[in-house]
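Shown next, in structure tokens, is the structure this report addresses.
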């Protein structure tokens, strides 16, 4: 009798465990997706952004950042003031026409043969949330909750192609 009772208890325990595993296997992926709610943006080449940088037109709608070696940026970005750039390797700058003019000249020399170009930084719906100016034509843009955005820095010149 004891053996039969233990066998039934084991069957009940296994059914309960199987049921819990099934529920967990169904709920965990959707729970993880809601916790890690990353969306990806992209760069879109723009003559208007290129013209704005080259004509030293600094928008008051953006917070500007640079990334590079010393005083020579590999890229300059402007992020819409409604968004926050995730802390990282980008250095915040107060952009002036004089500073921008000098950086553009240095970037032209640094990227000899691959002139910098302007790009819109787009969110996952195609809405412009910033600008990018560099000879490097790609990056990763991750949109996080609370209008926070992460823009990966470009690789230094001389590695791969721009």
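Data for the structure
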| read-out | value |
| --- | --- |
| Hey, residue 92 out of contact with any strand residue (DSSP E or B) (no Cβ under 7 Å at 6 or more places or on another chain), closer than 23 Å to residue 54 by Cα and modelled with pLDDT of 95 or more or not | no |
| Residues of segment 108-133 that turn out to be under 23 Å from residue 95 (Cβ atoms) and at pLDDT 95 or above, as a count | 13 |
| Strands (runs of 3 or more DSSP E) fully within segment 71-138 counting 1 or more residues that are buried (at least 21 other Cβ atoms within 10 Å of the Cβ) | 72-80, 117-122, 128-134 |
| Qualifying residue in segment 84-103 (condition: touching a helix residue (DSSP H, G or I) at 6+ places or on another chain (Cβ under 8 Å) and under 21 Å from residue 42 (Cα atoms)) | no |
| Members of segment 92-120 found to be within 22 Å of the chain's Cα centre (by Cα) and closer than 18 Å to residue 68 by Cβ, listed by number | 92, 93, 94, 95, 116, 117, 118, 119 |
| Counted residues, segment 48-63 - those being farther than 21 Å from residue 151 by Cα and in contact (Cβ under 8 Å) with a residue 40 or more places away in the chain | 3 |
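The values are calculated or read from the model by the stated rules, or taken from the named source; none is laboratory data. All of these numbers come straight from a predicted model, not from anything done at the bench. Positions of Cβ are backbone-derived with ideal geometry, glycine not excepted, and every protein chain shown enters the neighbour counts.
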